[in-house]
Each structure stands twice: as structure tokens, then as C-alpha cells.
Amino acid sequence: MSLHVDLETFQQKYKQKVEDMMIGFVTEKDMPSPIKESMVYSLEAGGKRIRPILLLAVIHGYGKDPQLGMKTAAALEMVHTYSLIHDDLPSMDDDDLRRGKPTNHKVFGEAMAILAGDGLLTHSFQLIAEDTLISSDQKIKLVNLLARCAGPEGMVGGQVADIEGENKRLTVEELESIHIHKTGKLLIFSALAGAIISGASEGELNKLEEFAHHIGLAFQIQDDILDIEGTEELIGKRTGSDETNQKSTYPGLLTMEGAKDKLRFHLDEALASLSGIGMETSMLEEIAHLIVNRNH
């Protein structure tokens, strides 16, 4: 198997496979039809699927079959999707659009949207637990890591800090702490999960965690930039929401030019962290550039 595959080709192949895995796992289970419809609605909303693609790209970079990580990648995207459903709720960001479609609660009501998010979160751990392609030891490591990265030590904790930070002028360090947890931890899971499935060394796990740490911050800085410079048509949700919600942002704290300088800094640091690692890193480098240069 050649390791030199460009990201676009890899995405075309595996993005659909991840989506089919998620939707198939939900639709084949016995559950009330309203929650099934609500879960599938958000899973079918599309998106870049950066997290599962990063996970599978790490496995490919180690010369392993990405199929080994398919269920973990699908589980990860289910967790991400649940977080978006809950983020959009009136009690949180109160958004009407997500990826160009009405948000889940606008279609199914708040109660069903909450339950659909709960269903996706819990279902994700079942998906990993039922995987027959990886060892029991790997499954335990992955479930433990996903719980830590997605829970109150990770993404959920970042969301709490984000809410607490509204209507306050945060320092850059406080803002970074929020985004390391809210956005960065699931990207760290992506990289580390691929490495765990591939049997990577402790040193390589550390390098990949550093890489994911920097692309996570880059991801959020670009989000903040797009909230000002982007268009609703491209982004698929309303722009200017950070200002409306009186949230501290990188452009607000550093100026737009300063935010773009910080974005380039994290890109450079991410790429530097890949040096000397014992895998093919070209696709990871492409993912880093994609995060920085995206327009939606």
C-alpha cells in the first residue's frame, strides 16, 4: 500500500465510509423513531469530517489499514455531532442554522434535540466497544481517552469555561485554555486514537498530541476570523455571533492582523512537531494547511 495519497483523494474515499458507518449503526438499532430521525438528521447534515479523517490519516501514515479505525472514527464524529446539537440550543448559542440547514431543535424541538445528542454520545461508546477489529486493550485505552477528551476534563469543561467567559474580557491565555479544551481535545483524541490503533510509541504519541494541540488552536483562531470575514452562505450559519454573544475572540484581543500572525505561529509549530516522527506525515501536513486556509 502506497503511503503517498493526497488528502482530497483520501477524504473522498473515507468521508463517505464514516458517514455510512454512523448512519448505519443508528438505523439498524431498535429505538423510538423520533429520536432515530433526529439523530440521523444531524449526522446527515454534512461537514468536513476533519476529526475522523485525521484519525484515519494517522493510521494510513503508519502503513496500516484505515479500516481498523473506522468504528472509532465514526464514534468520534458522533460525539462531535452531539456537541453541535447541544451547542445550538437556545440555552447555549441559540443558533437557527447549522451547515446551511435548520438546527436540530428547530426541526424536532428542544427536548428531542437534547435526547438525540445524549443518544449520539452514549451510542459512540457502544460502537467502539463492539469493534471486532481492534484488541480489548486498545478498546479500553480508546474509551478512556474519549471520555477524558469529550467530558468535563475536555470538551464539556471547555464549553463551561466558554459560557462563564461571556460578557468578560478574557486574556489570551484564558481564551486559549477554553479552546484547548472545547475544540482541541477532540482533535487530540483524533491523532492519539489513530496512533493507539497503529501501535505507535510513547514518544510518537507525544509528538502527535503536540501537533493536534496546535492545529486545535489554529482551528479556533480561523473560526474567529471567519466569524468576522466569512459569509453566511459559505459558513452555513450566521456570522457575527461572537460579537452578539459578547465573547472574547482572537481578533478582539489581538486585532485581526495579530490573530492572523497567531494563526501562522500555530501552523508552524504544528508542522515542526511532526519532524523526526516515524510515519508518513504529508497528509497530516495537508490537514494542518486545510484548517488554516479554509473559508467555511
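Once the dipole of the chain is set up with Lys and Arg at +1 and Asp and Glu at -1 on Cβ about the Cα centre, which of HIS86, ASN293, GLY119 lies farthest towards its positive end? Most positive-ward Cα: GLY119. With 0.36 nm allotted per residue and the present C-alpha distance subtracted, the ASP268-GLU280 stretch has 2.5 nm of extension available.
For segment 7-293, the Cβ-based charge dipole about the Cα centre amounts to some 600 debye (Lys, Arg positive; Asp, Glu negative; other atoms uncharged). Taking a Cβ cut-off of under 11 Å around PRO66, the surrounding Lys, Arg, Asp and Glu residues balance to a net charge of +2, with basic ones at +1 and acidic ones at -1. In summary, the chain shows an alpha-carbon radius of gyration equal to 0.96 times the 2.2 N^0.38 Å reference for compact globular proteins.
Counting other Cβ atoms within 10 Å, keep those with at most 14, restrict to DSSP loop, and tell me which GluC sites (Glu not before Pro) in segment 1-92 are left.
Details: sites: GLU8, GLU19, GLU28, GLU37, GLU44, GLU77; in loops: GLU28, GLU44.
Counting only loop positions with at most 14 other Cβ atoms within 10 Å, the GluC sites (Glu not before Pro) in segment 1-92 are GLU28, GLU44.
The residue among GLY69, VAL143, MET155 whose Cα reaches farthest toward the positive pole of the charge dipole of the chain, with charges on the beta-carbon of Lys, Arg, Asp and Glu, is GLY69.
Just so you know, all these numbers are worked out from the coordinates, no wet-lab data involved. From a predicted model like this one, the values you see are computed outputs, not experimental measurements. We place every Cβ from the backbone using ideal geometry, glycine too, and count neighbours over all the protein chains shown.
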